[in-house]
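Below is one structure, written out as C-alpha cells; comments come after it.
The values are calculated or read from the model by the stated rules, or taken from the named source; none is laboratory data. None of the values given here were measured: they were computed from a predicted structure. Note that we place each Cβ from the backbone using ideal geometry, even for glycine, and neighbour counts take in every protein chain shown. Note: accessible area is taken over every heavy atom of the protein model, side chains too, but ligands, DNA and RNA are not part of it. Shrake-Rupley method; radii C 1.70, N 1.55, O 1.52, S 1.80 Å.
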Amino acid sequence: KIKMLGLLRAAHIPCVPSYIGTARAMFNGIPQTDYPLAVRLASAPTGGWLGVAADSAELLRMRSDNETLIGHKFVAIDGLERHLYVIGESVWAVQRTITPNVRKMPFGIQGKLQVVPVRPAERELALHCGAVFGLELYEVQVVLADEGHQVVDVNAFPDYAGLPGVSGRLATYVERRAREEHDLSRRGT
C-alpha cells in the first residue's frame, strides 16, 4: 500500500499521509499533525483494523510488539467513506456513513451503502489513478479533506456488488476488451 501511494504521489495525485512500520518505529517518526491515525495490521490484506490512534502514545498502546502496521491519517471531514468504482471510462461513486464508534470498529461496518452522483473532480481523480497503474477495472477509496479529494487506497480487485446494472456493464466491457485483444493478436500487433 505504501509503495502504491508513493507511485500515486510521484504522479502528482493527492494522497492521505501514510506510514508503515512497527508502532515503536512510528512512535517518533510521525508528525503530530498527521494524527489521528487509522491503524491496521500490514499482515492482513483486508481488514485487520486496530482502530484510530489519537496520538503516538495511543499508537504504542495499540500494538507494542514487533508486528508491522500501516497507518493513514484519519480524515473524516464529512463523516463519509467514499469509493469510486471504475469500468473502463465509467465511474460510479458509493458512499457510506462512517459509524459513530469508528475508533473501535472497522470503517463503515454498519453504515448504509448509497450510490451517489460522481463529482467531476472524483471522476478525473479515479481515471488518473487507473492510468498510473494501467488499470481498467478497479476501485479508488477517497476522502474529501479541506485540501480537496485525497486517495486512501486503489484496489485492483474491487467488489462491484450493489451497483445497479453493474453485472451487465461488466460483462459487456470484458467481452469487448477480449474481442479487441483477439483482433490485435490476429493482426500480429
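Under the condition of being assigned to a strand (DSSP E or B) and either polar (S, T, N, Q) or at positive phi (or both), the residues counted in the stretch 152-187 number 1. Looking at the stretch 2-22 only, could you name the residues that are modelled with pLDDT under 90 and in a helix (DSSP H, G or I)? Of everything in the stretch 2-22, those that are modelled with pLDDT under 90 and in a helix (DSSP H, G or I) turn out to be Ile2, Lys3, Met4, Leu5, Gly6.
Taking the stretch 169-189 as the range and being open to solvent by less than 100 Å² (accessible area, probe 1.4 Å) and under 25 Å from the mean Cα position of the chain (by Cα) as the test, the residues that pass are Leu170, Ala171, Tyr173, Val174. Applying the condition of being more than 13 Å from Leu8 (Cβ to Cβ) and of a type in the set (Val, Ile, Thr) to the stretch 117-150 and asking which residue is surrounded by the fewest Cβ atoms within 10 Å (Cβ to Cβ) yields Val118.
Cβ-Cβ distances below 8 Å connect the following pairs, each with a first residue in the stretch 6-33 that is polar (S, T, N, Q), a second residue that is in a strand (DSSP E or B) and open to solvent by less than 50 Å² (accessible area, probe 1.4 Å), and a separation of six or more residues or different chains: Ser18/Ile70; Ser18/Gly71; Ser18/His72; Thr22/Leu69. Meeting the requirement of 2 or more residues that are touching a helix residue (DSSP H, G or I) at 6+ places or on another chain (Cβ under 9 Å) and at pLDDT below 90, the strands (runs of 3 or more DSSP E) wholly within the stretch 23-115 are 37-41, 49-53, 69-73.
Of all residues in the stretch 128-147, those that are of a type in the set (Ser, Thr, Tyr) have Cβ atoms under 7 Å from Cβ atoms of residues that are assigned to a loop (DSSP other than H, G, I, E, B) and exposed (fewer than 15 other Cβ atoms within 10 Å of the Cβ), 6 or more apart or on another chain, in Tyr138/Ala156.
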